[in-house]
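We did not get these values from a lab; they are worked out from the coordinates using the rules stated. These numbers come from a predicted model, not from an experiment. Here the Cβ positions follow ideal geometry from the backbone for every residue, glycine too, while neighbour counts run over all protein chains shown.
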Amino acid sequence: MKCSHCGQPISGRICPACGSEILPESLFCHRCGVKLESSAAESSLPEAEGIDFSKRILCSDGTCIGVVDEKGICKVCGKPYTEKIE
């Protein structure tokens with residue numbers, strides 16, 4: 001298989017259903033559409049188990065997308081958290 005941009009050879013894998021050569025990161029075969037088993041790259045990703053996103057505190061600045069750390073400071077903009085009173 002060759003890269004469509006530079007023409008260099010790319011190592012691929014073979015679709016178990018139709019035998020076509022496909023990219024290693026493919027989730028589905030481009031030829032027959034069969035769903036493929038997860039690649040080795042996906043299985044080596046760290047799991048997000050144990051992370052509770054419901055307990056995070058978002059930055060009190062209305063324009064920032066950061067999360068407040070354990071010291072009460074936004075990890076993105078550096079502003080201290082101020083609780084909004086409505």
The lysines whose Cα lies under 29 Å from the Cα of Lys79, excluding any fewer than 8 residues away in the same chain, are Lys55, Lys71
Lys and Arg at +1, Asp and Glu at -1: neighbours of Glu21 with Cβ under 14 Å from its Cβ sum to +2
Here the net charge surrounding Gly12, from other residues whose Cβ is less than 15 Å away from its Cβ (Lys, Arg +1; Asp, Glu -1), is 0
For Glu70, the net charge from surrounding residues (Cβ-Cβ under 13 Å; K, R +1; D, E -1) works out to +3
Here the gain from full extension of Ser20 to Lys2, 0.36 nm per residue of separation minus their alpha-carbon distance, amounts to 5.1 nm
Computed ³J(HN,Hα) along the stretch 19-29: with the Karplus parameters 6.51/-1.76/1.60, θ = phi - 60°, integer Hz and x for glycine or proline, the list is x, 6, 7, 10, 5, x, 8, 4, 8, 9, 6
